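Since every read-out is calculated from the coordinates, none of them should be taken as a lab result. Only a predicted model underlies this, so the values are computations on that prediction, with no experimental measurement involved. Every residue, glycine among them, receives a Cβ derived from its backbone with ideal geometry; neighbour counts consider all protein chains shown.
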Amino acid sequence: MAQYEITHSCGCNQTHKLFGPHAERERKIAWMESFPCSTCERARRLEIASSQEAEMSLPALTGSDKQIAWARALRSEWISESVWIADRLSHREKADLLEKLLEYRTQVLTEKVAAGWWIDGRRESVYPGTTIFGDHWTVLEEFDRGVLPKALK
């Protein structure tokens with residue numbers, strides 16, 4: 001194990017402990033240098049969340065400060081995912097499904113104000129059964145076959 005001072009793409013320097021063979025550590029350093037530091041990345045995500053919250057007039061979340069910060073980032077990812085899927089549905093001329101998705105999204109975003117709800121469900125997608133980082137194309141294929149997720153029925 002060795003400690004390395006890494007200059008990230010944002011210009012910030014951070015110390016990281018790296019393990020493994022020298023070549024692997026060098027590869028990891030190069031990869032880490034291509035991304036912003038964790039502090040700048042967190043700030044970027046909260047800035048995106050703030051703009052989405054203002055644009056959509058979302059209610060404030062409840063919980064501890066740490067829970068709220070985490071839940072805001074999770075909610076922002078969830079919104080981005082729903083926008084991605086809605087965009088694909090609009091290109092597929094699935095107006096009825098798109099309307100149901102947007103109704104469901106509005107319902108969730110206005111009713112779910114507990115930070116804990118977003119944290120506990122962080123592995124859930126816009127659609128139950130798929131994850132935020134799951135296979136969205138499968139969801140779209142199901143829509144093409146007329147299969148609706150339980151939440152939209």
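Quick rundown of the values:
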quantity	calculated
Percent of Cα-Cα distances greater than 12 Å, calculated over the stretch 1-53	66 percent
Computed label-point distance, nm, for sites D96 and E5 using a 7 Å Cα→Cβ extension	6.4 nm
Extension reserve of the C40-A23 stretch, reckoned as 0.36 nm per residue once the Cα distance is removed	3.4 nm
